[in-house]
Amino acid sequence: MSTDQTRMLPYSMIVGQGDLRRALEIAYVSPRVGGVLATGQRGTAKSTTVRAFAQMVLGRLPVTLPIGATDDRVLGGWDVEKLIQGHSATRPGLLEQAHHEGGGLLYIDEVNLLDDYLVNIILDAAAWGTLAVEREGIGEQLRDVRFTLIGTMNPEEGSLRPQLLDRFGLVAFVASEEDPTVRHEILRNVLAFESDGADQHSAMVSQARAADAELGRSLAAARERVSAVTLPDEILALCARIAGAFSAAGHRGELATAYAAQALAAIDGSRVVTTDHVARVVPLTLVHRRSAADPGLLTAWTNEDAEALLRVVAGAR
């Protein structure tokens, strides 16, 4: 595996971010879940967490789609230098780069500000694993572009259309930590990383990198065995009942819940998905699909939602 030596805070030094970390790990172990959207105010380390995770599991930063990217940059286009030399050749776009070079991750910061047309194409490609490209003089070509889409956004700067939001398998809310003890730990870790080189700090960062290596190996092993984890029919029935209880539109909710629970079971080292695995992933798979949610506004999982989930799960035990 080629590695990107960009200096990045180790994933194991990130404090908190429980929902986002769980979502990233689940989506990596089972890409069929359908990608991750992280939403939260600026300065809450969404991008840092995504990049640190990619550095841990891929050995490099993820392929990143910048805001303002053109169609050719995203989908691929003619190689201008070759055209000038009289040769017709195409250049792969970011979607193909994510498939071939990026380890299967495509990252979009401020995904809510991306042109809806491009978002539709990207989500379709992520769902089907293929990209149809048609250029002047060249018939339509189908190209493999299998990747997991990771998006981050600040809801204060605009929302995603409900049709696009529904295409993300997992949604994680990221908020500023209010506990002074946790904020102290965040500050200490960031300063230790930035001061890496002093003896006491080098040891701390080295330990975190070793922990990253161990977790990366564990997640890779879970990814290999996830398809062998059993999803009993009673668990599938539970996923369907939960989606119905929250009046989730369509059927992507129960499908994402089943795949996410299977991935979590693989991460836990379990051979069979349990009701506990299902209960732990539902706040990520259905938070954006609840009937009570404003279609134009993402709202966090509430205590009432948690109680309603417990009642459905309790009925299955």
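The values are calculated or read from the model by the stated rules, or taken from the named source; none is laboratory data. The structure displayed is predicted, hence computed values, not measured ones. All Cβ positions, glycine included, derive from the backbone under ideal geometry; neighbour counts span all protein chains shown.
Tell me which residues, restricted to the stretch 25-45, are among the charged types (D, E, K, R) and under 11 Å from the mean Cα position of the chain (by Cα). Explain how you work it out, then say what you get.
Step one: list which residues in the stretch 25-45 are among the charged types (D, E, K, R), which gives 25, 32, 42.
Scanning the stretch 25-45 gives a single hit, GLU25.
TYR11: more than 13 Å from the chain's Cα centre (by Cα) and crowded, with 23+ Cβ neighbours inside 10 Å, yes or no? Break it down into steps so the answer makes sense when it comes.
Details: more than 13 Å from the chain's Cα centre (by Cα): yes; crowded, with 23+ Cβ neighbours inside 10 Å: yes.
In short, yes.
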Query raised in the report: Of the residues GLY158, GLY169, which single one is under 21 Å from PRO62 (Cα atoms) and of a type outside the set (A, V, I, L, M)?
Result: GLY169
Query raised in the report: Filtering the stretch 214-268 down to residues that are in contact (Cβ under 8 Å) with a residue 24 or more places away in the chain and among the polar types (S, T, N, Q), which residue is farthest from TYR28 (Cα to Cα)?
Result: SER247
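With the condition kept exactly as written, say whether any residue in the stretch 285-295 is under 20 Å from GLY18 (Cα atoms), at pLDDT 90 or above and part of a helix (DSSP H, G or I). First the steps, then the outcome.
We begin by selecting, within the stretch 285-295, every residue under 20 Å from GLY18 (Cα atoms); these are 285-288.
Filter once more, keeping what is at pLDDT 90 or above: 285-288.
Checking the rest, the ones that are also part of a helix (DSSP H, G or I) come to 285.
Yes, the stretch 285-295 contains at least one residue that is under 20 Å from GLY18 (Cα atoms), at pLDDT 90 or above and part of a helix (DSSP H, G or I).
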**Report entry** helices (runs of 4 or more DSSP H) completely within the stretch 1-91 that count 2 or more residues being modelled with pLDDT under 90
**Finding:** 71-75, 80-84
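Does the stretch 261-271 contain any residue that is exposed (fewer than 14 other Cβ atoms within 10 Å of the Cβ) and assigned to a loop (DSSP other than H, G, I, E, B)? I'd like the intermediate steps shown before the answer.
Going through the stretch 261-271, the residues exposed (fewer than 14 other Cβ atoms within 10 Å of the Cβ) turn out to be 269, 271.
Narrowing the set further to residues that are assigned to a loop (DSSP other than H, G, I, E, B) leaves 269, 271.
Yes, the stretch 261-271 contains a residue that is exposed (fewer than 14 other Cβ atoms within 10 Å of the Cβ) and assigned to a loop (DSSP other than H, G, I, E, B).
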Query raised in the report: in contact with a His (Cβ under 9 Å, 6 or more places away or on another chain), outside any helix (DSSP H, G or I) and over 30 Å from ARG7 (Cβ atoms): does that describe SER247?
Result: no
Requested in this report: Report, by residue number, each residue of the stretch 14-39 that is surrounded by fewer than 22 Cβ atoms within 10 Å (Cβ to Cβ) and either small (Gly, Ala, Ser) or over 20 Å from ALA222 (Cβ atoms) (or both).
Outcome: VAL15, GLY16, GLY18
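Select, from ALA208, ALA172, ALA258, the only residue that is of a type in the set (A, V, I, L, M, F, W, C) and outside any helix (DSSP H, G or I).
Working: ALA208 fails: outside any helix (DSSP H, G or I); ALA258 fails: outside any helix (DSSP H, G or I).
Every option except ALA172 fails the conditions.
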